[in-house]
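All of the numbers you see were taken from the coordinates with simple rules; none came from a lab. Remember, predicted model here, so these are calculated numbers, not experimental data. A quick note on method: Cβ atoms are made from the backbone with ideal geometry, for glycine too, and the neighbour counts reach across all protein chains shown.
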Amino acid sequence: MNSSDNFQDSALSRLMPLMNSSFTPGQAQATVDNFQDLEQRQIAQAELYYFSGRAEECRNIAELYLQDKDLCLRLSAALLYSFSNLTLGNPSASRMGFRNIQECLLLAKDSSAPKGIMASCVFANYLAMVLMHLPTDGLPPLQDFLPSLPSGLRAYAVYVLAHNAYLHKEYKRALGLCQSVFLMLDGCYPVAMEYLYCVIIMCLINLKQQDEARKALIKAWNMAKPDGFLEPFIEHHGLMLGQIEACIKPAEPESYRQLSQAVIAFSRGWMAIHNPQLQSSVTDKLTPMEYSIAMLASKGWTNQEIAKQLSLSPNTIKHYLSRIFHLLDIEKREELKPFVNK
């Protein structure tokens, strides 16, 4: 290994260090505490706050590193700052964070940074664009940089690619990408694995493999619970099309209540950036259950199919849809799509 390789390894260790860590579920805080480097430990703590739904505490740490000279620290901070501010209802701060991520890529290009650093910048930019459902045109292909990323980040990068494939309705391809990661991982990386499970669930639902989707959700939930990692389910709630309501709500009503409150906050912030003209129409009027039903109906699912998905009666779904139409001031299913453009 040459000096450039050593530099890259050292620098990359500060890019989302908790995400990149292999640990047993339930040991997230211990993993954070074991980091010897203070700044690395601080960023890892911010990650832990974010993934466990503590957006304000995450934001407070992340903002300390937004202009750090270490690009990987800065990228980590900007990612965490951007997404935590979505939940906190600060879209202007989120936009500033996203611009910071773009600036890091420009800096890396201008300075002819080592490939590992370039990989970090491309990874962060793809992550931000795909999770905000924005086009990645103009970015270098993320797949070209996968070999330069360490295991945990590489697994999460494949999640990003799979999520992008899902958004293009390439459900089988997205599913295959996620499943391939589980075959190749060299350890347990809970953060990346929980996000991969989310895409697996989303794809299985759209492929009408409901039983398999529920099994995957239960696996993901059981992995996330010991560390309180609610964020993957918060971010993907709408795209899971009612599976959380069907699986988690009956068994763990208190956990579902906490999740629902966080979903509303995150969705409000997401819509403020992505579809601001509809923000109040959706996030302030529809409950998470109503939003899930609206999503399914907008995809052409029948009342009977929605009822089976949510373990409700078709008549109950009919009443829900009547209420949704009234709240959104629309008259038919075809008009739902702009409101659930997520």
- Message: Using the Kirkwood formula on the Cα atoms of the chain, what hydrodynamic radius do you get, in angstrom to one decimal?
- Response: 20.4
- Task: Kindly express, to the nearest 10 degrees and within the range 0 to 90, the angle between helix 38-51's C-alpha long axis and the longest C-alpha principal axis of the chain.
- Result: 10
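Loop only by DSSP, 11 or fewer other Cβ within 10 Å of the Cβ. Give me the GluC sites (Glu not before Pro) in region 309-342 that pass, ordered by residue number. Can you show the working numbers first?
Values: sites: Glu331, Glu334, Glu335; in loops: Glu331.
In loop regions of region 309-342 (DSSP not H, G, I, E or B), the sparsely surrounded GluC sites (Glu not before Pro) are Glu331.
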- Message: With 10 angstrom as the radius, rank Tyr195, Tyr166, Tyr171 by how many other C-beta atoms surround their C-beta, starting from the fewest.
- Response: Tyr171, Tyr166, Tyr195
- Could you list, bin by bin from short to long, the percent of Cα-Cα pairs of region 242-342 in 10 Å steps? 16, 48, 33, 3
- Message: Order these by the 10 Å Cβ neighbour count, fewest first: Lys285, Lys318.
- Response: Lys318, Lys285
- Query: Taking only C-alpha pairs under 8 Å that are 6+ residues apart, what is the relative contact order of region 242-342 in percent?
  - Reply: 30
- Message: As a quick test, which of the pairs Lys109/Lys169; Lys225/Lys318; Lys172/Lys318; Lys215/Lys249; Lys215/Lys285; Lys115/Lys215 have an alpha carbon distance above 27 angstrom in this structure?
- Response: Lys109/Lys169; Lys225/Lys318; Lys172/Lys318; Lys215/Lys285; Lys115/Lys215
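Calculated from DSSP H runs of 4 or more alone, at -39500 (n - 2.57) each and per residue, what is the 222 nm mean residue ellipticity of the chain, nearest 500? Show your work: numbers first, answer last.
Numbers: 18 runs with 231 residues, N = 342.
Mean residue ellipticity, 222 nm, calculated: -21500 deg cm²/dmol.
Above 23 Å lies some portion of the pair distances; for region 98-213, what is it as a whole percent of all C-alpha pairs?
Working: 1994 of 6670 pairs.
Distances greater than 23 Å cover 30 percent of the Cα pairs.
Please compute the contact order of the chain in relative form: average sequence separation of alpha-carbon pairs under 8 Å and at least six residues apart, divided by the residue count, as a percent.
Values: 497 pairs, mean separation 53.0, N = 342.
Normalised by residue count, the contact order of the chain is 15 percent.
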- Note on the structure: Here the relative contact order (percent) of region 69-165, from C-alpha pairs under 8 Å and at least 6 apart, is 23
- Message: Counting other beta carbons within 10 Å of each residue's own, what order do Leu183, Leu327, Leu73 fall into, fewest first?
- Response: Leu183, Leu327, Leu73
- Return the single residue from Asn85, Asn34, Asn60 with maximal mean-square fluctuation; model: Gaussian network over the chain, springs between Cα atoms under 10 Å. Asn34
